[in-house]
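Trainee: Here it is, the structure in full.
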Amino acid sequence: MRVRQKMERLLELPEGSLTGESRLEIYAGRRVVMDGRCAVLDCEEDVIRLQTSGGVLCFRGRELCIAAFSSNGAVVEGRLCAVEFE
């Protein structure tokens, strides 16, 4: 186990907080908050694709949009139908 993973457990932090891994929180199928480094690969009304440290994350649905974005995270809103890892 790496030092950062040990620190997360010791401090009772969410997994990935110190290691740079992406973390998703999904709210009622309408909003996804993603913490972690990312870049936008595709942004259309029915699909949004983000490059993350763990690979490509794909959101599918209707009326999708990126409500907030930074290099350290993003907020995707709309009518989510699927979240896929490519």
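The values are calculated or read from the model by the stated rules, or taken from the named source; none is laboratory data. Values in this document were obtained by computation on a predicted structure and should not be read as measured data. Don't worry about glycine lacking a Cβ; one is built from the backbone with ideal geometry, like all the others, and counts go over all protein chains shown.
Trainee: Collect the residues in region 63-75 that are within 12 Å of Ala39 (Cβ to Cβ), small (Gly, Ala, Ser) and part of a strand (DSSP E or B), keeping them in residue-number order. Steps first, please.
Mentor: Quick first cut of region 63-75, residues within 12 Å of Ala39 (Cβ to Cβ) only: 66, 69-74.
With the extra rule that they be small (Gly, Ala, Ser), the set shrinks to 70-71, 73-74.
Passing the criteria: Ser70, Gly73, Ala74.
Trainee: Kindly indicate whether any position in region 40-62 is surrounded by fewer than 15 Cβ atoms within 10 Å (Cβ to Cβ), in contact with an Asp or Glu (Cβ under 8 Å, 6 or more places away or on another chain), at pLDDT 95 or above and part of a loop (DSSP other than H, G, I, E, B).
Mentor: Scanning region 40-62 turns up at least one residue that is surrounded by fewer than 15 Cβ atoms within 10 Å (Cβ to Cβ), in contact with an Asp or Glu (Cβ under 8 Å, 6 or more places away or on another chain), at pLDDT 95 or above and part of a loop (DSSP other than H, G, I, E, B).
Trainee: Looking only at region 63-86, filter to residues that are in contact (Cβ under 8 Å) with a residue 40 or more places away in the chain and of a type in the set (D, E, K, R); which one of those is surrounded by the most Cβ atoms within 10 Å (Cβ to Cβ)?
Mentor: Glu77
Trainee: In the list Gly16, Gly29, which residue meets the criterion of being closer than 22 Å to Val75 by Cβ and modelled with pLDDT of 85 or more?
Mentor: Gly29
Trainee: Of the residues that make up region 14-21, is at least one among the hydrophobic types (A, V, I, L, M, F, W, C), surrounded by 13 or more Cβ atoms within 10 Å (Cβ to Cβ) and not in a strand (DSSP E or B)?
Mentor: Within region 14-21, one or more residues are among the hydrophobic types (A, V, I, L, M, F, W, C), surrounded by 13 or more Cβ atoms within 10 Å (Cβ to Cβ) and not in a strand (DSSP E or B).
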